[in-house]
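Written out below as structure tokens is the structure these notes cover.
The values are calculated or read from the model by the stated rules, or taken from the named source; none is laboratory data. Worth saying up front: this structure is predicted, and the values here are computed from it rather than measured. Cβ sites come from the backbone with ideal geometry, for glycine too, and all protein chains shown count toward neighbours.
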Amino acid sequence: MKNRFFSIFPLLLLAFALGLPSLANAQKVNQNLAAGSVLEMIKKRGAIKVGMSTFIPWAMRDKDGQLVGYEIDVATQLAKDMGVKVEFVPTAWDGIIPALLTGKFDIIVGGMSITPERNLTVNFTLPYANSGTHLVAHQEVAAGFKALEDFNKPEVVLTVRRGATPATAAKRLMPKATLRQFDEDALALQEVLNGKAHAFVTSTPTPAFEALKHPDKLFLPIAEPFVQGAEGFALRKGDPDALNFFNNWILLRQQDGWLKERHDYWFKTREWAGQVVE
């Protein structure tokens, strides 16, 4: 046994020696990845640039023109926990992913639903919020409508926000309907309020909020959301350190109840309504 060990000992030494460059190269690659992470850019800059778009109650302007909403709270707390400032970069929704990829901001915190199509282009964190797709309809134009099938007809006009997940859901579930796309939720909703469309398809809780605000014109023909969604932060691919950090931040803020408390405030109450111009 002793002689056999000494006969293979040179081979073990050779294998170890050959492995050293590979280990060194791997370590160098890891160091380069860490140095190139968006986290390092954020720390050097002293601020995190957040891409977002206005959606009630995710992000809105208050009566003084300041941004408020669930996303604003989330991004502000994230920056505070990182020890940096937050800079919001309002961006048209249909161009927000290209803007991220070209480096106009570091991350998207904008109520973006995780989808396979988007995930081919960007990385998503763990979900930090869960919403759904629902619709609110005009009482007269959509009188008698009680199910999704009632809206899947050529003579039915639906409004959506361009590039948003509800637009995709509407095309898939109500392909026969006419879809009118707008750059802002307010414009899509106004089309229904004016009686020029049957329903506005959007994310919860907006349909319920709008039905409460306009009980003389709007109603919820379907009791529950017909699509469930999960929202995550979006960031550029090839940055495992940033993805690890943001995932762990979400986990910790879920565990301490902070995310739930903020989500419940913005999505389950209307205490904030007096702050904003709707």
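To keep it simple, each residue is scored yes or no on (1) at pLDDT below 95; (2) within 15 Å of residue 111 (Cβ to Cβ); (3) in a strand (DSSP E or B).
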{"site": "65", "(1), (2), (3)": "yes, no, no"}
{"site": "71", "(1), (2), (3)": "no, yes, no"}
{"site": "80", "(1), (2), (3)": "no, no, no"}
{"site": "94", "(1), (2), (3)": "yes, yes, no"}
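Could you please let me know if residue 181 is polar (S, T, N, Q), without any contact (Cβ under 8 Å) to a residue 24 or more places away in the chain and part of a strand (DSSP E or B)?
Values: polar (S, T, N, Q): yes; without any contact (Cβ under 8 Å) to a residue 24 or more places away in the chain: yes; part of a strand (DSSP E or B): yes.
When the stated conditions are applied, residue 181 passes them.
Could you say whether any residue in segment 129-139 is buried (at least 17 other Cβ atoms within 10 Å of the Cβ) and within 30 Å of residue 44 (Cα to Cα)? If you could, list the steps in order and put the result at the bottom.
We begin by selecting, within segment 129-139, every residue buried (at least 17 other Cβ atoms within 10 Å of the Cβ); these are 129, 131-138.
Now drop any that are not within 30 Å of residue 44 (Cα to Cα), which leaves 129.
Checked against the condition, which is being buried (at least 17 other Cβ atoms within 10 Å of the Cβ) and within 30 Å of residue 44 (Cα to Cα), segment 129-139 yields at least one hit.
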*asked:* Among the listed residues 210, 261, identify the single one that is touching a residue at least 60 places away in the same chain (Cβ under 8 Å) and not aliphatic (A, V, I, L, M).
replied: 210
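Quick one: which residue in 102, 121, 133 is in contact with a Ser or Thr (Cβ under 9 Å, 6 or more places away or on another chain) and of a type in the set (Ser, Thr, Tyr)? Full working, then the answer.
On the way: 102 fails: in contact with a Ser or Thr (Cβ under 9 Å, 6 or more places away or on another chain); 121 fails: in contact with a Ser or Thr (Cβ under 9 Å, 6 or more places away or on another chain).
Criteria check complete, one pass: 133.
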*Tell me which residues, restricted to segment 106-142, are of a type outside the set (A, V, I, L, M), modelled with pLDDT of 95 or more, under 20 Å from residue 204 (Cα atoms) and in a loop (DSSP other than H, G, I, E, B).*
127, 128, 139
*Examine segment 66-81 for a residue that is out of contact with any Leu (no Cβ under 9 Å at 6 or more places or on another chain) and farther than 25 Å from residue 246 by Cα, and state whether such a residue exists.*
yes
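Residue by residue, here is whether (1) within 16 Å of the chain's Cα centre (by Cα); (2) crowded, with 18+ Cβ neighbours inside 10 Å holds:
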{"residue": "205", "(1), (2)": "yes, yes"}
{"residue": "212", "(1), (2)": "no, no"}
{"residue": "221", "(1), (2)": "no, yes"}
{"residue": "232", "(1), (2)": "yes, yes"}
{"residue": "235", "(1), (2)": "yes, yes"}
{"residue": "254", "(1), (2)": "no, no"}
_Taking the condition of being over 23 Å from residue 181 (Cβ atoms) and not aliphatic (A, V, I, L, M), how many residues in segment 120-142 meet it?_
8
*If you take the residues in segment 61-91 that are more than 14 Å from the chain's Cα centre (by Cα) and of a type in the set (Gly, Ala, Ser), which one is surrounded by the most Cβ atoms within 10 Å (Cβ to Cβ)?*
79
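For segment 210-240, name all the residues that are in a strand (DSSP E or B) and closer than 30 Å to residue 251 by Cβ. Quick ask: steps written out before the conclusion?
So the first thing to find is which residues in segment 210-240 are in a strand (DSSP E or B), and the list is 218-219, 227-231, 234-235.
Within segment 210-240, 227, 228, 229, 230, 231, 234, 235 meet the criteria.
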